[in-house]
1. Which one is right for this structure if Rg/Rh (Cα atoms, Kirkwood Rh) is calculated from it: (1) 0.98; (2) 0.95; (3) 1.14?
2. Determine the calculated [θ] at 222 nm for the chain from helices alone, applying -39500 (n - 2.57) to every DSSP H run no shorter than 4 residues and normalising by the residue count; nearest 500 deg cm²/dmol.
3. Pick from Ala202, Ala65, Ala52 the residue whose mean-square fluctuation is largest in a GNM of the chain, springs joining Cα atoms under 10 Å.
4. Figure the gain on full extension for Gln190 and Glu143 (residue separation times 0.36 nm, minus the Cα-Cα span) and round it to one decimal in nm.
5. Between His7 and Tyr47, what length in nm is gained on full extension when 0.36 nm per residue of separation is reduced by their alpha carbon distance?
6. Considering the zone a paramagnetic label at Leu110 would reach in this model (a point 7 Å from Cα along the Cα-to-Cβ line), which residues of the stretch 1-37 have amide N under 20 Å from it?
7. How far is it, in nm, from the label point at Ser154 to the one at Asp100 when both lie 7 Å from their Cα along the line to the Cβ?
8. Between the stretch 57-122 and the stretch 1-33, what is the C-alpha centre distance in whole Å?
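Just so it is clear, none of the values below were taken in a lab; they were calculated from the coordinates. None of these values were measured; they are calculated from a predicted model. Note: ideal-geometry Cβ built from the backbone for every residue, glycine included; neighbour counts use all protein chains shown.
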Amino acid sequence: MFMLHYHFPSFATTAISSLRRATRRELGHGALAEKALKRLIPNDFPYCLRLACDVLESNGSSSMASVCAGSLALLDAGVQMKAPVAGVAMGLFVDDEQRDYRILTDINGLEDYFGDMDFKVAGTVHGYTAMQLDLKIAGINPEVVTEALGGAQSGLEHVLKLMRNAQPRCREYFKSTVPIHETIPVAVYQRHILFRSGGYNAKLVESETGSRVRLILILQKTLTSSSD
């Protein structure tokens, strides 16, 4: 299981407000960033992952920054992602007839506020993983979308290069704080010995080793303990 929690406090934009529940904006940005990363995590990863993205300062697309930082955090944690993921926000200034327009890459706060488009694009070197298009006008031509995607691809390649310099590869082993998880096949007669008498022997293993023994299949047991 993978979940991403996106938190955008008011002080990130030098504003002051009381503590409150997550807003629709936070939920939407978190869902977009989660979608951008989710499919790159191995299906057989044995742990539940919670990625906390706390925005401390914002003058641009904090959701796409969460994708980049989240990808680096997962790689540093030892999650064997299929590929690093980056994100970039594309902007647009256009006249009423859409004949004269300018496309911007990695827009800041003012460009987002005064511009006509906020096109968030996340992806890897192999393709896109998530997109979200917000417009302040009725619509845009296909040519504008094509050009914006081309600019986004160049921006993603640039950001991914910087990310590779910071985190060249995934951590080869988990940190010491990660519990050990192992699945052991157990024969039927051994299962009977382990769990007979109210699970006496299983409880004995737990008390002596600090591990937890759980039955996940009819012929298998799972042991979980700290790395000590």
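1. (3)
2. Details: 5 runs with 83 residues, N = 228.
The helix-only estimate for the chain comes to -12000 deg cm²/dmol at 222 nm.
3. Ala202
4. On the way: separation 47, 0.36 × 47 = 16.92 nm, distance 6.68 nm.
Full-extension gain reported as 10.2 nm.
5. Details: separation 40, 0.36 × 40 = 14.40 nm, distance 2.28 nm.
Working it through step by step, the gained length comes to 12.1 nm.
6. 12-15
7. According to this spin-label approximation, the distance is 2.2 nm.
8. Here the answer is 17 Å between Cα centres.
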